[in-house]
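Asker: I am attaching a structure below and will ask some questions about it afterwards.
The values are calculated or read from the model by the stated rules, or taken from the named source; none is laboratory data. Quantities reported herein were computed from a predicted structural model and do not represent experimental measurements. Backbone-built Cβ (ideal geometry, glycine too); neighbour counts: all protein chains shown. Side chains are part of the model used for accessible areas, which takes the heavy atoms of the whole protein and leaves out ligands, DNA and RNA. Shrake-Rupley method; radii C 1.70, N 1.55, O 1.52, S 1.80 Å.
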Amino acid sequence: MKYRRLGKTDLNVSVIGVGTWQFGGEWGMDFSQEAVDQILDKAKDLGINLIDTAECYGDHLSEQLIGGYLKKNRREDWIVATKFGHHFHDKFSRTNHYGAAEVQQQLEKSLQALQTDYIDLYQFHSGPDEAFDNDDLWTYLDKQVQAGTIRHLGLSIAKNDNMHQTSAATSVNAKAIQVVYNRLDQKPEEGVFASCQQQDLGVLARVPLASGYLSGKYKPGSVFGGNDVRHRHDQEHVNKLLLQVEEIKKNEVPEGMDMAQWALAWCLKHPAVTTVIPGSKSPAQVEANAKAADYVSDEHPQATSK
């Protein structure tokens, strides 16, 4: 595994993390504690130390499963990133809650679910600019940082060209940006990444496999079940993406190389990107994702030893 410094923080994160939206039950399957334990055990064995979750992957369900694992293992071995701003009601149904008092409740629930007394990276989760421009919210969060409940603040921007929030990150004491970035969606290169580099922010690239489409497993016409968030994607758009994936596989992926590993390594080539956080449904997928680190150069502005 390779590691990079997460922006101005004192955190050295593995270049491959574990995204855990799937643990909330919206990616085609439900997860038992045993299944989550096996995934995270495999990640740890491979040198992965970053878990990214959120308050609304289920109603703190993903966090509860991670907490069940952390309770039995060394909490200090992991960098745990979670988020705030939503309340989960049912599959694919959430409401926004970004007020300081609401976030206080969410933070307390997240700490309880994760069975920990601190969060390494607490991220503003895909909120609108008017929610972001709330001094009371950031005053409250700063107090939690001072108290040690939160080690560092971050932003998970909804639109990957949101310069309003990205450019204001340092002013609200956020030290990392989470953004959609992959071979099919390179929008952050147009402005967000330059701002991140200028501010020395860590960058967590989410959806690095483009919702799995860049894994090379799916062909045009693929259909997803009603418990899989991808069934909500526009079918015509998905077919266009999958045709594009076939072209990329033919013209850009080296012969014999796993496409998913290529896609993760592609993201990590950018000098602004610190880590990728693909979701994994099994230990085998974790292992396959981790192999992408073999193709990652040590020549990177944030490269470090663990």
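Asker: For the chain, the longest stretch holding no GluC sites (Glu not before Pro) located in a DSSP loop with at most 10 other Cβ atoms within 10 Å is which?
Answerer: Details: sites that count: Glu255, Glu299.
Counting at most 10 other Cβ atoms within 10 Å as exposed, the longest clean stretch of the chain is 1-254.
Asker: Which trypsin sites (Lys or Arg not before Pro) in the range 232-283 sit in a loop by DSSP (not H, G, I, E or B) and have at most 16 other Cβ atoms within 10 Å of their own Cβ? Intermediate results must be reported in sequence, preceding the final value.
Answerer: On the way: sites: Arg232, Lys240, Lys249, Lys250, Lys269, Lys281; in loops: Lys269, Lys281.
Passing both the DSSP loop test and the Cβ count: Lys269, Lys281.
Asker: Right, next: Using a 1.4 Å probe on the protein chains only, how many percent of the accessible area of the range 189-278 belongs to carbon and sulfur? Walk me through the intermediate numbers first.
Answerer: Working: 1990 of 4130 Å².
Whole-percent figure for carbon plus sulfur exposure: 48.
Asker: If the range 143-277 were replaced by its equivalent ellipsoid, with semi-axes equal to the square roots of 5 times the Cα gyration tensor eigenvalues, what would those be, largest first, whole Å? Before the final figure, lay out the partial values.
Answerer: Working: eigenvalues 194, 59, 35 Å².
Whole-Å semi-axes of the equivalent ellipsoid: 31, 17, 13.
Asker: In the Gaussian network model of the chain, springs joining C-alpha atoms below 10 Å, which of Thr82, Thr139, Thr170 carries the largest mean-square fluctuation?
Answerer: Thr139
Asker: Which value at 222 nm does the chain reach when only helices count, each DSSP H run of 4 or more adding -39,500 (n - 2.57), with the total divided by all residues and rounded to the nearest 500 deg cm²/dmol? Before the final figure, lay out the partial values.
Answerer: Details: 10 runs with 103 residues, N = 306.
Helices in the chain give a 222 nm mean residue ellipticity of -10000 deg cm²/dmol.
Asker: Please compute the per residue accessible area over the range 255-306 with all protein chains in place, 1.4 Å probe, rounded to a whole number of Å². Please list the in-between numbers first.
Answerer: On the way: 2330 Å² over 52 residues.
Per-residue accessible area for the range 255-306 comes out at 45 Å².
Asker: Among DSSP beta bridges lying fully in the chain, give the percent that are antiparallel, nearest 5.
Answerer: On the way: 11 of 39 bridges.
The antiparallel proportion sits near 30 percent.
Asker: All other residues with a Cβ under 13 Å from the Cβ of Leu70 taken together, and with Lys, Arg as +1 and Asp, Glu as -1, what is their net charge?
Answerer: -2
Asker: In the range 221-285, which chymotrypsin sites (Phe, Trp or Tyr not before Pro) are in a loop and have at most 12 other Cβ atoms within 10 Å, using DSSP for the loop call? Please report the intermediate quantities before stating the final value.
Answerer: On the way: sites: Phe224, Trp262, Trp266; in loops: Phe224.
Qualifying residues, ordered by number: none.
Asker: Still on this model: Report the residue, chosen from Leu241, Leu50, Leu209, that carries the largest GNM mean-square fluctuation when the chain is represented by alpha-carbon nodes joined by springs under 10 Å.
Answerer: Among Leu241, Leu50, Leu209, the largest GNM mean-square fluctuation belongs to Leu241.
Asker: Rounded, prolate or oblate for the chain? Axes are the square roots of the Cα gyration tensor eigenvalues, ordered a ≥ b ≥ c, and the cut-off for rounded is a/c under 1.5.
Answerer: rounded
Asker: Here's a follow-up. Nearest 20 debye, what's the magnitude of the dipole of the chain about its Cα centre given +1 on Lys and Arg Cβ and -1 on Asp and Glu Cβ? Show your work: numbers first, answer last.
Answerer: On the way: 32 positive and 41 negative charges, 116 e Å.
The dipole magnitude comes to about 560 debye.
Asker: What is the spin-label model distance, in nm, from His237 to Ser222 if the labels are put 7 Å beyond Cα along the C-beta direction?
Answerer: Taking the simple label geometry, His237 and Ser222 are separated by 1.7 nm.
Asker: Ok, one more. Set the Förster radius R0 to 51 Å, insert the Cβ-Cβ distance between Asp129 and Asp37 as r into 1/(1 + (r/R0)^6), and round the FRET efficiency to 0.05.
Answerer: Working: r = 39 Å, r/R0 = 0.77.
Calculated value: 0.80.
Asker: What residues qualify as long-range amide H neighbours of Ala176, i.e. H under 5 Å apart, gap of 5 or more or another chain, H built at 1.01 Å from N?
Answerer: Under 5 Å from the amide H of Ala176 lie the amide H atoms of Leu155, Gly202, each far enough along the sequence or on another chain.
Asker: Pull up the DSSP beta bridges for the range 1-125 and report the antiparallel fraction as a percent, rounded to 5. Each step should come with its number before you reach the end.
Answerer: On the way: 7 of 16 bridges.
Here the share of antiparallel DSSP bridges comes out near 45 percent.
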